[in-house]
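What follows is a set of notes on a single structure, which appears directly below.
Only the coordinates and a few stated rules stand behind these numbers; no lab work does. Here the structure is a predicted model, which is why all the values come from computation and not from measurement. So basically every Cβ, Gly included, is an ideal-geometry build from the backbone, and we count neighbours across all protein chains shown.
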Amino acid sequence: MIRVIIVDDQAMVRAGFAALLAAQSDIEVAGDAPDGAQGVALSRRTHPDVVLMDVRMPEMDGLEATRQLLSPPPGVMHRPRVLMLTTFDVDDYVYEALRAGASGFLLKDAPPADLIAAVRVVAAGDALLAPSVTRRLIADFARQRPVARGEAALRLKVLTERETEVLTLVARGRSNADIAKALFLAEQTVKTHVSRVLTKLDLRDRAQAVVVAYESGLVVPGE
């Protein structure tokens, strides 16, 4: 079972999402909370696999809550996957949440099937990067922000040439199957390369890998 909690300041949204997810045989809704602070406390009590986190909330917004969940204090071992929920297709808060380790984001008006699929994808340890809006969001903010590219680029020196090629294609939104075809590799080999990239760069998942690729200048927005 995939344990999920829902953190959103709108009661109707929480109730709707809870009813939809609870109807799935492989998903259990462990609770909900109206703001980030209560969401963090609920997560620490219930140990969910996935937290559906609204971006904009009173008391504590989704960004700060995500930081607290994914960089917990000493002694707190549990770190759930965080899936950001937003009504905005490009949002500064969401970009910062991806940098903090969130596994992706989903628009609140997405079809119900997309929400269910997103929870399963994130629970499986993958990043939700398929929607083109996610890549546009990262590219837009990477373009707008002056970044200390030198320091970010130094991180990539630990990668082999092949791993760098794989990271480049991951950042461009390519699936493992697409990368395998482009580089004439077996898909399992690509999975191994992706895993090594994440380990070497100390990254949580593909979402953070995309951010690093843009911030280092390895991938330039618009190319």
In units of 2.2 N^0.38 Å, what is the alpha-carbon radius of gyration of the stretch 148-216?
1.02
Hey, got the Cα dimensions of the stretch 184-223 along the principal axes, in Å, largest first?
29, 25, 13
Considering only C-alpha atoms, what is the centroid distance from the stretch 23-102 to the stretch 168-223, in Å?
25 Å
Subtracting the Cα-Cα distance of K181 and L154 from 0.36 nm times their residue separation yields 6.9 nm
What percent do you get for the relative contact order of the stretch 1-105 when only Cα pairs under 8 Å and 6+ apart count?
25 percent
Jot down the radius of gyration and Dmax of the stretch 2-128, Cα atoms only, both in angstrom.
12.8, 39
Nearest-0.05 FRET efficiency for D114 and T164, computed from C-beta distance (R0 25 Å)
0.20
